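Notes for the one structure printed next.
Each reported figure results from applying straightforward, stated rules to the coordinates on display, with no laboratory input. Keep in mind the model is a prediction, meaning the values are calculated, not measured. For neighbour counting, all protein chains shown are included, and Cβ atoms are generated from backbone atoms with ideal geometry for every residue, glycine included.
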Amino acid sequence: MNHVGEVVAALAAALAVLAWWPARPRPASVARSKTGGERRRWPILLILAVGAALVGGGGAVWVAIAVIAVGAGFGADRLVRARRSRLEAARVSGLVLGACETLAAELAAGRPPGRALERAVDDWPALARVAEAHRVGADVPAAWRTAAATPGAADLRLVGAAWQVAHRTGQGLGDTLDRVAQDLRGARATRRVVEGELASARATAKLVALLPLLALALGSGAGGDPWGFLFTHPLGLGCLALGLGFAFAGLSWIEALAREVDRP
């Protein structure tokens, strides 16, 4: 590889790392605009990487490397974001259970629903709209259903339904929420078991995705030049792109299966 090629490769790799680098957390109110910005970022990075390869005089081989690098960055970015979303949903699910337990405990202690909601808001500020709806006399079950739209908070629909049933029938809200909390604890225990089973599948998929690197290392140790073949020969570039595509497709498939299992 000549000096120009090395510079182009380094620039393409830097662009891929820049695209993959985790973005800073944003408030939920700007989530939609952030998604639009992410969609626009990748075509721009692809154009920059290809332009750098052409300006550097690397030729078609380096253009292909730049495209593969940006594609790999895009795939890694999707996997990282999927994992981050899954962990955030699990965290929110725990907050839902905690809020339900807090409400049940406060009501059992004889406090009014408004005060119980304020106590739950202290633990989880996302419930502020529900507390405000109760304070102004608005539709509290509808506020619960709106809060349930947050990823990982789907179980709040059960809390909203319990609130509505207790309001219509006059049944004790504390007892109803206590039974909902028991159901949520049972569902959470089941999800932990399922998550443990999925962890082995994820670990196996990651191991299979890393096996080609071991094969390349063994080939280099045996006196071959697999890296040179992958990055300089057109057939090698095709194999590299295809291999990365299959690896990311397999990992994405595992994540898709996990989302279907975790779906409430």
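Residues ASP155, ASP122, ASP183, ranked from the fewest to the most other C-beta atoms within 10 Å, line up as ASP122, ASP183, ASP155. The trypsin sites (Lys or Arg not before Pro) of the range 66-120 include none that meets both criteria, a DSSP state outside H, G, I, E and B (loop) and at most 12 other C-beta atoms within 10 angstrom of the site's C-beta. With a/c under 1.5 counting as rounded, go ahead and sort the range 92-186 into rounded, prolate or oblate using the C-alpha gyration tensor (a ≥ b ≥ c being the square roots of the eigenvalues; past the cut-off, prolate if a/b is larger than b/c, else oblate). The shape class here is rounded.
Please give the FRET efficiency for GLU197 paired with ASP139, using the beta carbon to beta carbon distance and R0 = 45 Å, rounded to the nearest 0.05.
Numbers: r = 40 Å, r/R0 = 0.88.
Between GLU197 and ASP139 the formula returns 0.70.
In this label model, ALA60 and LEU218 are separated by 3.3 nm, measuring between points 7 Å along each Cα→Cβ vector. Taking the centroid of alpha carbons for each part, the range 71-141 and the range 159-230 are 20 Å apart.
Summing charges over neighbours of ALA189, with a neighbour being any other residue whose Cβ is under 13 Å away from its Cβ, gives +2 when K and R count +1 and D and E count -1. Distance between the pseudo-spin-label points of CYS239 and ALA154 (7 Å out from Cα toward the beta carbon): 4.3 nm.
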